[in-house]
Structures are given as structure tokens and as C-alpha cells.
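*Asks:* One structure, as C-alpha cells, below. Some questions next.
The values are calculated or read from the model by the stated rules, or taken from the named source; none is laboratory data. Treat the numbers as computed from the prediction; the structure is a model and nothing was measured. Positions of Cβ are backbone-derived with ideal geometry, glycine not excepted, and every protein chain shown enters the neighbour counts. With ligands, DNA and RNA removed, areas are computed over all heavy atoms of the protein, side chains included. Shrake-Rupley method; radii C 1.70, N 1.55, O 1.52, S 1.80 Å.
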Amino acid sequence: MVRRSVLTMTALRGRNWDLIPKSLIPRYYSTPASSPRSPDSCAAATDDILLDESTVSATTGAEMLPTLLRPRVVVYDGVCHLCHTGVKWVIKADKDKKIKFCCLQSKAAEPYMRVCGVDKEDVLRRFLFIEGPGLYHQGSTAALRVLSHLPLPYSVLSTLMIVPTPLRDAAYDYVAKRRYDWFGKHEDCLVLKETELLERFIDWEELLERSRKQF
């Protein structure tokens with residue numbers, strides 16, 4: 001796997017696409033999916049997902065932006081106390097470490113938002129879950145899809161998907177709009193205070209550097 005990753009990165013730098021193993025090139029993330037694929041097909045996706053060539057070209061000029069994206073990533077409001085509490089709960093329940101996280105306030109979140117066609121304001125309203133190639137969710141659906149990847153008994157909660165989306169999102173939006181008033185917010189990503197959680201964050205290097213500067 002390491003050899004494949006090195007080969008892939010070498011090919012990306014030189015744009016020699018013929019060197020990239022075909023198994024590492026799934027469907028592109030270029031646009032939001034209009035008809036989501038089944039969870040089984042998403043689970044089979046590789047852990048390193050190549051952007052299409054135009055997206056790679058657009059990101060290579062930006063400092064610290066990765067050329068590879070990963071599946072099952074939660075992009076959330078890192079300064080929100082309620083959001084951070086939810087992330088910690090998922091980390092504790094996710095014994096198999098399937099779900100990864102990224103603070104909205106990190107530069108590493110930018111390519112994930114770009115390929116999903118959303119911006120920071122969208123994610124502040126409803127957190128983002130990139131489940132696999134061309135498949136992402138926001139709001140209540142994102143929360144339930146995250147739960148579906150957790151072991152029993154937590155995954156049973158994903159059956160709430162049968163509740164009509166407008167009703168679920170109405171409840172989600174009601175709490176989301178008031179979360180700062182009810183639970184408060186911090187000046188920077190709260191995970192910086194709990195660096196033992198950073199192993200589950202794709203932006204851990206960026207966060208660790210910020211933590212060192214603060215202390």
C-alpha cells in the first residue's frame with residue numbers, strides 16, 4: 001500500500017497518469033451526487049481518492065492543500081461546543097476508526113468543500129459528511145449516515161432515516177441556529193485542547209502546528 005501511495009504521488013507531481021494504478025482511480029468527486037450509491041459500494045472505495053485532473057491543477061497552487069481526498073470524512077464547525085461534543089462521542093463509539101474528521105476552520109477542509117460544491121457558510125449551517133466518491137451528505141442525513149458506520153447498537157439509530165428529510169432537517173436547523181447561544185463557542189478549534197484526539201483528524205498536522213504556536 002505504501003509503494004502504491006508513493007507511486008501515485010510521483011505520478012501526480014509529473015502528471016504521468018499512466019503510472020497511477022487503476023484501482024486508485026474511482027469515480028470523480030467533481031459534482032455532488034444526484035442519486036447516491038449504496039452503502040456497500042461506498043464501503044468498497046479506497047482510502048485515497050484521486051481528484052480529477054482539473055481539480056488537482058486548481059489545488060496544487062494552494063499551500064498545504066492535499067491532492068488526495070479520503071472517504072468517510074466529517075467536516076464540522078470546530079469552534080462549536082455542541083459539535084465538538086458530538087465528535088468526541090463518535091470517536092468513542094467508533095471502535096473500528098472508520099470515521100475521520102476535519103475542522104471547518106482548517107485549510108485542509110477547503111478541497112473537500114470545493115468538490116462537494118459547498119462553502120464555509122453552508123457547512124456552518126449543516127455539517128458535511130463525505131461518504132465516498134461522488135457521495136456526500138449534510139445536516140440530519142449526514143448525522144444518520146455517520147451513525148450507520150458505527151458498530152451496534154449505535155448503528156441502529158440510522159433507521160431514523162425513515163423519518164421524512166424535511167422533518168429531520170427542520171429539527172436539525174432549529175438546534176443548529178441556536179447552538180452558540182445554548183452551548184457556547186470557542187475562539188479556535190476545541191480539539192486543540194484535547195490533542196490526544198488528533199490521530200482521528202486528517203488536518204492533524206495543521207492543528208498541531210497551531211497548538212504549538214498557542215503554547
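*Asks:* Select from the range 185-215 the residues that are open to solvent by 20 Å² or more (accessible area, probe 1.4 Å), at pLDDT 80 or above and β-branched (V, I, T) and list them in ascending order.
*Replies:* The one that is open to solvent by 20 Å² or more (accessible area, probe 1.4 Å), at pLDDT 80 or above and β-branched (V, I, T): I202.
*Asks:* Count, please, the residues in the range 135-156 that happen to be within 21 Å of the chain's Cα centre (by Cα), part of a helix (DSSP H, G or I) and of a type in the set (A, V, I, L, M, F, W, C).
*Replies:* Adding up the residues that qualify gives 5.
*Asks:* Can you pull out the residues in the range 146-187 that are under 22 Å from I99 (Cα atoms) and touching a residue at least 60 places away in the same chain (Cβ under 8 Å)?
*Replies:* Passing the criteria: V146, S148, H149, L150, Y154.
*Asks:* Residues to consider are E187, E131, E121; find the one that is outside any helix (DSSP H, G or I) and farther than 23 Å from P71 by Cβ.
*Replies:* None of the others qualify; the one that does is E187.
*Asks:* Can you name the residue in the range 101-136 that is in contact with a Lys or Arg (Cβ under 7 Å, 6 or more places away or on another chain) and modelled with pLDDT of 95 or more and, of all such residues, is surrounded by the most Cβ atoms within 10 Å (Cβ to Cβ)?
*Replies:* F129
*Asks:* Mind listing just one residue for me: the one in the range 162-183 that is open to solvent by less than 50 Å² (accessible area, probe 1.4 Å) and in contact with a Lys or Arg (Cβ under 9 Å, 6 or more places away or on another chain) and, of those, nearest to L144 (Cα to Cα)?
*Replies:* D169
*Asks:* Kindly list the number of the only condition in (1) in a helix (DSSP H, G or I); (2) over 15 Å from L150 (Cα atoms) that fails for I91.
*Replies:* It is condition (2) that I91 fails.
*Asks:* Across the range 157-184, what is the total count of residues that are under 20 Å from I130 (Cα atoms) and either at pLDDT below 85 or part of a loop (DSSP other than H, G, I, E, B) (or both)?
*Replies:* Qualifying residue count for the region: 0.
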